[in-house]
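This report refers to the structure that appears directly beneath it.
The values are calculated or read from the model by the stated rules, or taken from the named source; none is laboratory data. Not measured: the values here are computed from a predicted model. Counting neighbours? That spans all protein chains shown, and the Cβs are built from the backbone with ideal geometry, glycine included. Note: accessible area is taken over every heavy atom of the protein model, side chains too, but ligands, DNA and RNA are not part of it. Shrake-Rupley method; radii C 1.70, N 1.55, O 1.52, S 1.80 Å.
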Amino acid sequence: MNVLGLELRRSAAAGTALITVLVGVGALYVATGRWSDGWMALAMAIREYLLLLWPLALAAGAWQGRREHRARVGELFATTARPRAQRMLPVLGALAVALATAYLLVTGAGIAWIVGTARHLPLLNFTVVTAVGALSLVAAAWLGLGIGRMLPALVTAPALAVAAVLLVFLSVVRLPDRLAAAISPVHGTGPFHAYQTIDNRVSGALAISMTALAVAGLLLFVAGDWRARTAALVPVALGVTVAVTVLPRDEDTLNWPVDQVARELVCTDDTPTVCVSRLHANVLDTLTPLAREGLAALTRLPDAPTAVHEDTHTFLLDEAVPPRGDAVTIQVRIDGRGGLAHPAAVVPEVVGGLGVPYDGRCQRRDEVVERAAAYWLLGREPRSDVGVVPGMIFEDPEINAGAVTLWQGLRALPEEEALARVTAVRDAARACADPTGLLSGSAR
């Protein structure tokens, strides 16, 4: 332990850990909205930032690996009776401890941001994803140690860092999915939907390949000749082969699996019922009065919906959650602080479809007509800046202009006649019929 402590102080381990923490925490806090959804989003974001951290660890290991060459003591140490492997263990241990600790500190910095808002904690998956991320950093550092000792040139470390960034990136975008899942530390971490997770079999496969890579780095670091260094290829080949065989066969599970528990609905005890996914349970209290305001506007229609549910459809997968006939479905978005994003958009979104969900198949829905009808129910003029979520929905100004014209026509009618026309638009949406002219009284 004394030798390990000495290596932690005099080697590149402490500096590498500090840089890793600064880069990791900085990358996290530059875009908190990418992972403020919850625990798995955080774990996956940190894993995604291994695109930066993995090359850094590899370069740090390479820099450390050339220490004996830099100090010109390699031949002196080779004459000692102490086995080389025994002399190198403290260096290996120091880098492993430093980088694993740094990875956990980055994770802790993220947890401090979401701990007050994130309610759904998939403890096993979160722990596994985090542990494999830390292991991959250690593997990169040990591989760098071996390469740095084998090629102790000054340019080795920066060249490895640049090459590793390219390799990690290309491993995701160019390799077949199964091979990428087996060897890439960032595979499956891109946020395709809110309920995304990483299957434990995929994490296990990556752990196998990263362990093999770490063993290869260890062999390169302690090897005394080229024959022993060539043997380092054996654990890599075996590790990748085993990793590929344990991966799941299903493409969706391999690339963007769904946490079904996170997608379960959590509802209010009283009525009108408002439900959100378990992942977003922390915003239920904020969302409820807004959703009920929208439902109150819809009650002017006969047979109006009586509940609001979060739309938990993941879009990438062919497993849409069928909405209940008495419920309006809306998107729930989380801001960078973990709270409800764009609350002003909730009421217009609840009323916007007149209580009729869009199933993706009907091609006869008319956004201009439905928008005018919805804002008549709300009792206010359509505005193009309400209901628009920056970066997510791009609204054509002409749609709102057309809706304003129709809305003004409705306002000039007696309330009973206007309500009848709005109801006709709603019924047309239910039947996937053409609503053209229903609000102006010139329906064909």
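For segment 296-314, the residues whose amide N sits under 14 Å from a probe point set 7 Å from the Cα of residue 265 along the beta carbon direction are 305-313. When the charge dipole of the chain is built from unit charges on Cβ atoms (+1 for Lys and Arg, -1 for Asp and Glu) and taken about the Cα centre, the candidate among 271, 45, 420 whose Cα reaches farthest toward its positive end is 45. Farthest toward the dipole's positive end in the chain, which of 294, 29, 157, given Cβ charges of +1 (Lys, Arg) and -1 (Asp, Glu) about the Cα centre? Of the options given, the answer is 157.
Candidate values (i) 1.29; (ii) 1.11; (iii) 1.01 were compared with Cα Rg over 2.2 N^0.38 Å computed on the shown model; the agreeing label is (i). In the context of the full set of protein chains, residues of segment 105-157 present 38 Å² of accessible surface per residue (probe radius 1.4 Å, heavy atoms only).
Figure legend: label point modelled 7 angstrom from the Cα of residue 431 along Cα→Cβ; residues of segment 363-380 with amide N under 16 Å from it are 363-366. For segment 297-304, the Karplus equation 6.51 cos²θ - 1.76 cosθ + 1.60, evaluated at θ = phi - 60°, returns couplings of 5, 6, 5, 5, 8, x, 6, 7 Hz by residue, with Gly and Pro reported as x. Along the axis of the charge dipole computed for segment 126-242 (Cβ charges of +1 for Lys and Arg, -1 for Asp and Glu, origin at the Cα centre), the listed residues 134, 228, 173 are led at the positive end by 228.
Taking every DSSP beta bridge that has both ends in the chain, the antiparallel portion is near 40%. Computed from backbone phi, the HN-Hα couplings of segment 36-45 come to 6, 4, x, 5, 5, 4, 5, 4, 6, 5 Hz, rounded to whole numbers (Karplus: 6.51 cos²θ - 1.76 cosθ + 1.60, θ = phi - 60°; Gly and Pro given as x). FRET efficiency for the residue 175 to residue 151 pair, using the beta carbon distance and R₀ = 22 Å, is estimated at 0.30. A Förster radius of 41 Å, combined with the Cβ-Cβ distance separating residue 193 from residue 104, puts the computed FRET efficiency at roughly 0.90. With a Förster radius of 30 Å applied to the beta-carbon distance between residue 415 and residue 344, the computed FRET efficiency rounds to 0.70. For the chain, a simple Cβ point-charge model (Lys and Arg +1, Asp and Glu -1, everything else neutral) yields a dipole of about 2660 debye relative to the Cα centre.
For segment 361-368, the Karplus equation 6.51 cos²θ - 1.76 cosθ + 1.60, evaluated at θ = phi - 60°, returns couplings of 9, 6, 9, 10, 6, 10, 5, 5 Hz by residue, with Gly and Pro reported as x. Evaluated at q = 0.24, 0.25 Å⁻¹, the base-10 log of the normalised Debye intensity for segment 203-278, with identical point scatterers placed on the Cα atoms, takes the values -1.01, -1.04. Under a 5 Å amide H cut-off, with hydrogens placed 1.01 Å from N, residue 334 pairs with 341 among residues at least 5 apart or on other chains.
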